[in-house]
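Remarks on the structure that follows.
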Amino acid sequence: MDRESFRLELAQQLRVDSVRASSAAGSGHPTSSMSAADLVAALLDGHLRLDFAHPEDPRNDHLIFSKGHASPLLYSALKAVGAIDDAELLTFRAFGSRLEGHPTPMLPWVDVATGSLGQGLPIGVGLALAARRLDRLPYRVWVLCGDSEMAEGSVWEALEHAGHESLDNLIALVDVNRLGQTGETMHGWDLGSYAARARAAGWRTLEIDGHDPEQIETALKDAEAGDGRPVAVLAATRKGKGVAEVEDKPGFHGKALKHPDDAIRELGGVRDLRVTPARPETTAAPHVFAVRGGELPTFDLGETIATRRAYGEALRALGDRRGDVVALDGEVSNSTFSELFRDAHPERYFEMYIAEQQMIAAAIGMQVRGWRPFASTFAAFLTRAYDFIRMAAVSRADLRLMGSHAGVAIGEDGPSQMGLEDLAAFRAVHGSTVLYPCDANQTARLVETMADLPGISYLRTTRGATPVIYQPDEEFPVGGSKVVRDGDDVTLVGAGVTLHEALRAAGTLEREGIRARVIDLYSIKPVDAVALRRAASETRGLVTAEDHWPEGGLGEAVLSAIAGSPTPVRLLAPHLMPGSGTPAELLSQAGIDAAAIATAARELVG
């Protein structure tokens, strides 16, 4: 059998197995898989350099199914290369199976979860950046995209950034099958509309018939001949290709075929072809960055310094000590102080511009290869990328995020810049760690800790300077807290800005004969339930104060920790939409300054 005939047969096998897997599950997306089968068959047979027996090999190419709903095609391809067997293929979507409805890294050949459309290409940008600037290896990143997801803004962020970075090791295969879930896509088979936008972003585009083996082979060879531009292969295909009942017909998206046996016969029957993709050609090892070593920055007691600045200084020092640490920022590095890392380690710093989705996606791609990314921007702007953060947890990704300018305490900039939802958002992410330091030494220690934390970790920092209250050698374990002032009448719980307000309130109360215990709840998740329950049993009530909306923040974390306790709790948090003003004015308006905390404490103790 010549190569072209083999690829045609392999593509038919991929279609048949996509039908079989979906039929066994009673659900799935066989028609979306069938349209891209010819592209994937050609990619497996001669272009993808990936040793499936050693998926951890750093020299491997990467294949990302951005159209994650085409998972039957991916799993059929894994069967064709011998990575899984036919029995496992038919466990598709079954409880306990590795072959989930949309791909996840439960399979070692899957880098990231891609069930939310528009994420695969931005993550591919991150992997391509890692190949070019960090690993410094010649592996390619292949991304199979669907035409429906090209409407996502994140895809166009990816196109722009890849073009700007001249990532000719990134190849997008766009399966333009014309039909979305409910009807025709915005551009149908107008390949030129996609090509014009991609070219404007600096891409090379190749428009082909996605079912013509000769055109596919020519395009893939051309794409591999890098000229400094990323490549988009725009392939016109037919959804449900090969089965007359469903081919290019609406109404069959996301449904197993009604007559699978007839469809399999129409496709030529079950086959058991095997294909062995090429192995990586290079024997080079990933690049290792030399480091100079050094210590974390330290700050003197009583010194006033913003925790965002301490973050930047700590990150720079961490980069001095660890060559695997990289930093990304969304064009606010002079506010987040990641510019300190940039100036010290320019080869490991990535400016992502005002494209927060691409920033998080790039970090996800880099961590696939074992790098330890820290990404920073204003806390309010991370909401733009929340779906990427949510999906990063599904991907079992390890990310370190910093959100600065949190809360009303930022002052005159007003509510559009105030992160007031971030604690709730990050607490809701599966397996996340949420940290909120109140001073510079605490910040530096927590940044150091974050480098080795699994999952999604988030550090909340503030704009204004706060006094240093901890010695440089103080330890701050994740899940801990600090009793910074003891007392047995009432407990005041704060973090960040409100911790200092609570200390001021405690001073006022002491002069009135009320002894207040003050807890620095720097670890919002996991929370120190032991210390909080002890305080609930040893004092007459708790007052929580937070510079965050009342829903889902510090106060509710405290309530969850002491659930069932009869001890009264007063939750202080902003309720009114803030405007512009000085930090002191806004903290007072929000009812979270020292005066408001003291008033709440007095009411609790009678």
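The values are calculated or read from the model by the stated rules, or taken from the named source; none is laboratory data. The shown structure was predicted, so the numbers you read here are calculated from the model rather than taken from an experiment. Methodologically, a virtual Cβ is constructed for each residue, glycine included, from the backbone with ideal geometry; neighbour enumeration extends over all protein chains shown.
Please tell me if ARG460 is buried (at least 19 other Cβ atoms within 10 Å of the Cβ), modelled with pLDDT of 95 or more and charged (D, E, K, R). Yes; evaluated as a whole, the condition is true for this residue. Which residue is nearest to GLY210 (Cα to Cα), if the candidates are limited to segment 179-198 and must be in contact (Cβ under 8 Å) with a residue 60 or more places away in the chain and touching a helix residue (DSSP H, G or I) at 6+ places or on another chain (Cβ under 9 Å)? Among those that are in contact (Cβ under 8 Å) with a residue 60 or more places away in the chain and touching a helix residue (DSSP H, G or I) at 6+ places or on another chain (Cβ under 9 Å), it is LEU179. Just one residue in the set PRO477, PRO472 is without any contact (Cβ under 8 Å) to a residue 60 or more places away in the chain and either under 26 Å from ALA451 (Cα atoms) or in a helix (DSSP H, G or I) (or both); that residue is PRO477. Within segment 340-372, the set of residues being surrounded by fewer than 23 Cβ atoms within 10 Å (Cβ to Cβ), of a type in the set (Asp, Glu) and touching a strand residue (DSSP E or B) at 6+ places or on another chain (Cβ under 8 Å) comprises GLU351 only.
Scoring ARG321 on the criteria (1) over 30 Å from ASP387 (Cβ atoms); (2) surrounded by 18 or more Cβ atoms within 10 Å (Cβ to Cβ); (3) without any contact (Cβ under 8 Å) to a residue 60 or more places away in the chain leaves a single failure, condition (2). Among residues of segment 578-606 being closer than 18 Å to PRO550 by Cβ, small (Gly, Ala, Ser) and under 35 Å from the mean Cα position of the chain (by Cα), the one that is surrounded by the fewest Cβ atoms within 10 Å (Cβ to Cβ) is GLY591.
Being touching a Leu at 6+ places or on another chain (Cβ under 9 Å), hydrophobic (A, V, I, L, M, F, W, C) and part of a helix (DSSP H, G or I) is the filter here, so list the residues in segment 189-215 that pass it. Of everything in segment 189-215, those that are touching a Leu at 6+ places or on another chain (Cβ under 9 Å), hydrophobic (A, V, I, L, M, F, W, C) and part of a helix (DSSP H, G or I) turn out to be LEU191, ALA195, ALA198, ALA200. Here ALA42 does not fit the description of being closer than 19 Å to ALA244 by Cα and in contact with an Asp or Glu (Cβ under 7 Å, 6 or more places away or on another chain). Mind checking whether some residue in segment 562-577 is closer than 23 Å to PRO477 by Cβ and among the β-branched types (Val, Ile, Thr)? Checking segment 562-577: at least one residue is closer than 23 Å to PRO477 by Cβ and among the β-branched types (Val, Ile, Thr).
So how many residues does segment 216-231 have that are surrounded by fewer than 19 Cβ atoms within 10 Å (Cβ to Cβ) and either part of a loop (DSSP other than H, G, I, E, B) or in contact with an Asp or Glu (Cβ under 6 Å, 6 or more places away or on another chain) (or both)?
Of the residues in segment 216-231, 4 are surrounded by fewer than 19 Cβ atoms within 10 Å (Cβ to Cβ) and either part of a loop (DSSP other than H, G, I, E, B) or in contact with an Asp or Glu (Cβ under 6 Å, 6 or more places away or on another chain) (or both).
Exactly one residue among ALA278, ALA284 is touching a strand residue (DSSP E or B) at 6+ places or on another chain (Cβ under 6 Å), aliphatic (A, V, I, L, M), within 30 Å of ASP57 (Cβ to Cβ) and not assigned by TED's automatic domain parsing to the domain that holds HIS47, and that residue is ALA278. Scanning segment 480-516 for residues that are free of Cβ contacts under 8 Å to residues at least 60 places away in the same chain and either among the hydroxyl-bearing types (Ser, Thr, Tyr) or part of a strand (DSSP E or B) (or both) turns up SER481, LYS482, VAL483, VAL484, ARG485, THR491. Condition check: touching a helix residue (DSSP H, G or I) at 6+ places or on another chain (Cβ under 7 Å), of a type outside the set (S, T, N, Q) and not in a loop (DSSP other than H, G, I, E, B). Does ALA87 satisfy that? No; evaluated as a whole, the condition is false for this residue.
Of everything in segment 50-92 that's within 24 Å of the chain's Cα centre (by Cα) and among the charged types (D, E, K, R), which residue is nearest to ALA393 (Cα to Cα)? Ranking the qualifying residues of segment 50-92, first place goes to LYS67.
Taking the criterion of being of a type in the set (A, V, I, L, M), over 19 Å from the mean Cα position of the chain (by Cα) and surrounded by fewer than 17 Cβ atoms within 10 Å (Cβ to Cβ), the only residue of segment 93-116 that qualifies is ALA94. Within segment 258-273, residues that are more than 13 Å from GLY240 (Cβ to Cβ) reach partners that are part of a loop (DSSP other than H, G, I, E, B) with beta carbons closer than 7 Å, at six or more positions or on different chains, in the pairs ILE264/VAL270.
With a cut-off of at least 1 residues that are more than 20 Å from ARG485 (Cβ to Cβ) and acidic (Asp, Glu), name the helices (runs of 4 or more DSSP H) lying wholly within segment 517-606.
Helices (runs of 4 or more DSSP H) meeting the threshold: 554-561, 583-590.
Residues in segment 267-310 that are buried (at least 17 other Cβ atoms within 10 Å of the Cβ) and out of contact with any helix residue (DSSP H, G or I) (no Cβ under 9 Å at 6 or more places or on another chain): 1 in all. Listed by first and then second residue, the pairs with beta-carbon distance under 9 Å, at least 6 apart or on different chains, first residue in segment 1-29 and at positive phi and touching a residue at least 40 places away in the same chain (Cβ under 8 Å), second part of a helix (DSSP H, G or I) and buried (at least 24 other Cβ atoms within 10 Å of the Cβ), are GLY28/SER18; GLY28/ALA21; GLY28/SER22; GLY28/SER71; GLY28/PRO72.
Rundown of residues vs (1) at pLDDT 95 or above; (2) outside the structural domain of TRP142 (by TED's automatic domain parsing); (3) out of contact with any Gly (no Cβ under 9 Å at 6 or more places or on another chain), yes/no style:
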position	(1), (2), (3)
GLN12	yes, no, no
ARG20	yes, no, yes
SER27	yes, no, no
THR31	yes, no, no
LEU39	yes, no, no
LEU43	yes, no, yes
GLY46	no, no, yes
PRO55	yes, no, yes
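When ALA409, ALA424 are screened for being out of contact with any strand residue (DSSP E or B) (no Cβ under 9 Å at 6 or more places or on another chain), closer than 20 Å to VAL527 by Cβ, in contact (Cβ under 8 Å) with a residue 24 or more places away in the chain and of a type in the set (A, V, I, L, M, F, W, C), only ALA424 passes.
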